[in-house]
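I have placed the structure first, in the form of structure tokens, so that the comments after it can refer back to it.
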Amino acid sequence: MAEEEVPKMIAPEDDIREIHSRLDEIERRLDFVWGEVYQRFGKRIGRDIGILYGLVIGLYLCMLYLLLGAAFR
């Protein structure tokens, strides 16, 4: 059995550099877009957590007011 030769293709260096520069630009844009998406998601989560903390503290203060108000009557 003779070994099969794998076909090879040689491209000019200028073309390879151009392709790499395009891929780098695309990667930079994708990183920026995903950063913006995750930042918006983080802001949304932060807002939701803030609302929950506000509700819990408000309920706690209402219960404390009702308990202390009933104790001093």
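Please treat every number below as a calculation from the coordinates, not as lab data. Just so you know, these numbers come straight off a predicted model, no measurement behind them. All Cβ positions, glycine included, derive from the backbone under ideal geometry; neighbour counts span all protein chains shown.
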(message) Compute the angle between helix 13-71 and the longest alpha-carbon principal axis of the chain, please, reported from 0 to 90 degrees and rounded to the nearest 10.
(response) 10 degrees
(request) Calculate the dipole size of the chain relative to its Cα centre from +1 charges on Lys and Arg beta carbons and -1 charges on Asp and Glu beta carbons; express the result in debye to the nearest 20. (result) 1380 debye
(request) Report P(r) for the chain: all Cα-Cα distances, bin width 5 Å, range 0 to the bin holding the largest distance, values in whole percent. (result) 3, 11, 7, 8, 8, 7, 8, 6, 6, 6, 5, 5, 4, 3, 3, 3, 2, 2, 1, 0, 0
(message) How far apart, in nanometres, would the label points at Ile26 and Ala70 be if each is projected 7 angstrom from Cα along the Cα-to-Cβ direction?
(response) 6.7 nm
(request) Kindly provide the trypsin sites (Lys or Arg not before Pro) of region 1-67 that DSSP labels as loop, not H, G, I, E or B, and whose Cβ sees at most 15 other Cβ atoms within 10 Å. (result) Lys8
(request) Calculate the spin-label point distance for Val56 paired with Val37, positioning each point 7 Å from the Cα along the beta-carbon direction, and give it in nanometres. (result) 3.0 nm
